[in-house]
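Heads up, the thing below is written out as structure tokens.
Each value in this text was obtained by applying a stated rule to the coordinates, not by laboratory testing. Here the structure is a predicted model, which means the values were calculated and not measured. Don't worry about glycine lacking a Cβ; one is built from the backbone with ideal geometry, like all the others, and counts go over all protein chains shown.
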Amino acid sequence: MTQQHSTLTVKEQANRWYSKIERGLSSSEKSELVAWCNQNEDHHKALLKLGNVWTDLSILNDLNGLFPLEKKLPHHSSKLFLYVSLFFVFICFLLISSHVFDADPKRIYNNIKAYANNEVNQRFETRIGQKNNIELPDGSTATLNTDTVLEINYTQTHRKLTLVKGEAKFNVSKDHTRPFTVITGENSFTALGTIFNVEKANDKNIELLVTEGRVLVSDATTEINQLIDKISTESYHVLDEVILHQGEKTKIENNIHYPIQKLTEAQLKQDLAWQKGILIFDGEPLNSALDEVSRYTNANFTIMDNELSDLKISGYFKTDDIEGLLQSLYYNFDIHYKQASAQNIQLMVEPK
């Protein structure tokens, strides 16, 4: 450091560094700034004071990784210093991600808030025909079916997942202090240690199937403290609530809760066959079966003859084997098909 520079007050030196930061630091200047900040805690504080007037995030980006975390300030000191220091540390963390440079200010603010609260926010998606197994932060797992979007929000008090669309199976790790809740539309499904399957066709058409343990069906707006009380071991048996147990299934359509159905082993196998990449039909109408097949492929089916729509079909089909399905319909039901285009398939009694 030059003699002239050393005779300047700390405030004047900080202002000079601020000006350099504003126009952009060279590699050598960054090294000098690090050394200057580490010489004295007052240097660091003086520069942080200027942070109160920084509005250009590009300036903050230049500071990433340059400063050590400030020591605990005296009680009478302004909290602003601490907040700005924490902001620097968090920006360093964000820069590890390639997304930070195109993130808008609102997204950065939300990420800072989540980080400060030890939150985990993630989004998972599958394409049409794709299936994906994911491990959640608490050790739970989720298997996403075709064309599914799942968002998670983990805090110190709650594990909240939002099934935006599609279908997913959840294998939940036990944690009696943090409810595990899947929200779909206006409903929520909460468990403590269980395996269950949720399918969401839309906000008004939802299906829940429990393969192990118990799941509480509630309103999506239920407060966390109410959920904790409702799913406690002591109160579980006295609840006047909708609770599904192992092997049970229910549907919610237009906010109407259908009666809980106890499934046979064969019915369970059929409903969960997608997890093995298989579709099982057992007397379903052809039009319903084709709707299910369409979830796993970009192919669109058109039944040209009305009498075929209600034809009952049975069998096992791979979710990605459209050719096998068409051949089976031809050999077993004499249903002909025509490829109208790459993705449009017409079904008929006689070739046309």
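Before moving on, here are some points about what is shown:
- On the principal axes of its alpha carbon atoms, the range 277-348 extends 26, 25, 19 Å, with the longest extent given first.
- Contact order normalised by residue count of the range 277-348, Cα under 8 Å, 6+ apart, percent: 39
- Here each label is just a point 7 Å from Cα along the line to Cβ, and for N121 and E307 those points are 5.8 nm apart.
- In Hz, Karplus ³J(HN,Hα) per residue of the range 242-258 (6.51, -1.76, 1.60; θ = phi - 60°; x = Gly, Pro): 7, 10, 9, 10, 3, x, 10, 9, 8, 10, 10, 10, 6, 6, 9, 8, 6
- Stretched out straight at 0.36 nm per residue, the stretch from V10 to D229 would grow longer than its current Cα-Cα span by 73.2 nm.
- Here each label is just a point 7 Å from Cα along the line to Cβ, and for T264 and E135 those points are 3.9 nm apart.
- Packing-based exposure ordering (other Cβ within 10 Å, fewest first) of L216, L311: L311, L216
- Among the listed pairs K269/K318; K165/K204; K160/K269; K249/K312, a Cα-Cα separation exceeding 21 Å is found for K160/K269; K249/K312.
- Förster radius 41 Å - calculated FRET efficiency between Q156 and F333 (Cβ-Cβ, nearest 0.05): 0.10
- Per-residue Cβ neighbour counts within 10 Å put E284, E29 in the sequence E29, E284, beginning with the fewest.
- Modelled this way, with points 7 Å down the Cα-to-C-beta line, the labels at N38 and T221 are 5.6 nm from one another.
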